[in-house]
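Notes follow the structure.
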Amino acid sequence: MVMVVSQADIAKFDQDGAIVLRNVFSKEWVEKVREGIQINLEKPSQFSEKLALKEGQGSYFNDYCNWQTIEQFKDFAFNSPAAELAASLMQSKYAVFYHEHVLNKEPGTEKETPWHQDQAYYPVDGFKVVSIWMPVDPVSEESSVKFVKGSHRWGKWFHPRKFASEKNYPVESEDSDGKTFHDVPVEDIENGEFELLKWACEPGDCVIFHGMTVHGAKGNRSTSLERRVLSTRWVGEGTTIAKRPWKVSPPVLGGLGYGDQMVSDTFPLVWGAL
């Protein structure tokens, strides 16, 4: 690939915790991912959710960890520019593919994505963790994902929240592995206490964000367009399997034990070398 990430992009991402990159993925990759999403929508896994605020309203579908059965997702993870992009912005000598996550908001979906921090859901420690959020439909700024600028640098862990109820995950263990978990400061975010980053996107664009960056999204007010997104998750140097005091999401450890380096058949090395 022609490297589309500049040193300025890397510095901006490091500072802000999220960045938009334009026209990164070809029409062929966008179409391949669109095909994979359609397969996933037609044959959802045990992990899938379909949420709507009211009967008969557009719904918010999400599902993950299907790349081993959906060939289009596997091809994208192993052969598209995604892995090198992730490694570049993580400033890591390698990129391991953690999993993919399909997010679809049908036209008229009012269900919002609550403010949250991804890495608190994951059984993953380490600072080199990113997601590549890639829409296959045009996404307005209003419907796009929004980020609390610089929140990955706060040094704070936040309780994961259920997308359905927006309540914190129930704590099931006293062992928080030395971490203190805080409530997401929803009221402060909504009241404008923090600067937010948000971008309208076209197919081929992507937003890359850090695993510790607080983010959320409104529903989809379009009456005709879906908001279909593939978000691929990547980890780099220094990442290990970690304990959380709740049921982790995804509930997959890849055959690894706590403290093990984050690489296995389930979490394959895609770019670079260990």
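The values are calculated or read from the model by the stated rules, or taken from the named source; none is laboratory data. From a predicted model like this one, the values you see are computed outputs, not experimental measurements. FYI the Cβ positions are ideal-geometry reconstructions off the backbone, even for glycines, and counts take in every protein chain you see. The accessibility values were calculated without ligands, DNA or RNA, using every heavy atom of the protein model including side chains. Shrake-Rupley method; radii C 1.70, N 1.55, O 1.52, S 1.80 Å.
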(request) Pull up the stretch 181-196, narrow it to residues that are open to solvent by 20 Å² or more (accessible area, probe 1.4 Å) and not acidic (Asp, Glu), then point me to the one that is farthest from PRO81 (Cα to Cα). (result) ASN191
(message) Suppose the filter is over 23 Å from VAL184 (Cα atoms), open to solvent by 20 Å² or more (accessible area, probe 1.4 Å) and over 18 Å from the mean Cα position of the chain (by Cα); does LYS54 pass it?
(response) yes
(message) Just the residues that are modelled with pLDDT under 95, in a loop (DSSP other than H, G, I, E, B) and either under 22 Å from GLY155 (Cα atoms) or open to solvent by less than 30 Å² (accessible area, probe 1.4 Å) (or both), please, taken from the stretch 197-242.
(response) GLY219
(request) Of the numbered conditions (1) in contact with an Asp or Glu (Cβ under 6 Å, 6 or more places away or on another chain); (2) polar (S, T, N, Q); (3) open to solvent by 70 Å² or more (accessible area, probe 1.4 Å), GLN46 fails exactly one; give the number of that condition. (result) (1)
(request) Identify the single condition in (1) open to solvent by 20 Å² or more (accessible area, probe 1.4 Å); (2) over 30 Å from VAL30 (Cα atoms); (3) touching a residue at least 12 places away in the same chain (Cβ under 8 Å) that GLY178 does not satisfy, given that it satisfies every other one. (result) (3)
(request) State whether the residues of the stretch 169-181 include one that is in contact with a His (Cβ under 7 Å, 6 or more places away or on another chain) and assigned to a loop (DSSP other than H, G, I, E, B). (result) yes
(message) Given (1) at pLDDT below 95; (2) open to solvent by 10 Å² or more (accessible area, probe 1.4 Å); (3) charged (D, E, K, R), identify the lone condition not met by LYS105.
(response) (2)
(message) Need the failing condition index for LEU89 against (1) among the hydrophobic types (A, V, I, L, M, F, W, C); (2) open to solvent by 10 Å² or more (accessible area, probe 1.4 Å); (3) modelled with pLDDT of 95 or more; (4) not in a strand (DSSP E or B), just the number.
(response) (2)
(request) Quick one: count up the residues across the stretch 92-136 that are among the hydrophobic types (A, V, I, L, M, F, W, C), part of a loop (DSSP other than H, G, I, E, B) and either in contact with a Leu (Cβ under 9 Å, 6 or more places away or on another chain) or more than 26 Å from PRO245 (Cβ to Cβ) (or both). (result) 1
(message) All but one of (1) open to solvent by less than 10 Å² (accessible area, probe 1.4 Å); (2) under 19 Å from the mean Cα position of the chain (by Cα); (3) at pLDDT 95 or above hold for GLY150; state the number of the condition that does not hold.
(response) (1)
(message) Pairs needed: first member in the stretch 131-151, more than 17 Å from ALA82 (Cβ to Cβ); second member anywhere, assigned to a loop (DSSP other than H, G, I, E, B) and of a type in the set (D, E, K, R); C-beta distance under 7 Å; at least 6 residues apart or different chains.
(response) ASP137/GLU226; PRO138/GLU202; GLU142/LYS218; GLU142/ARG221; SER143/LYS218; SER143/ARG221; LYS149/GLU195
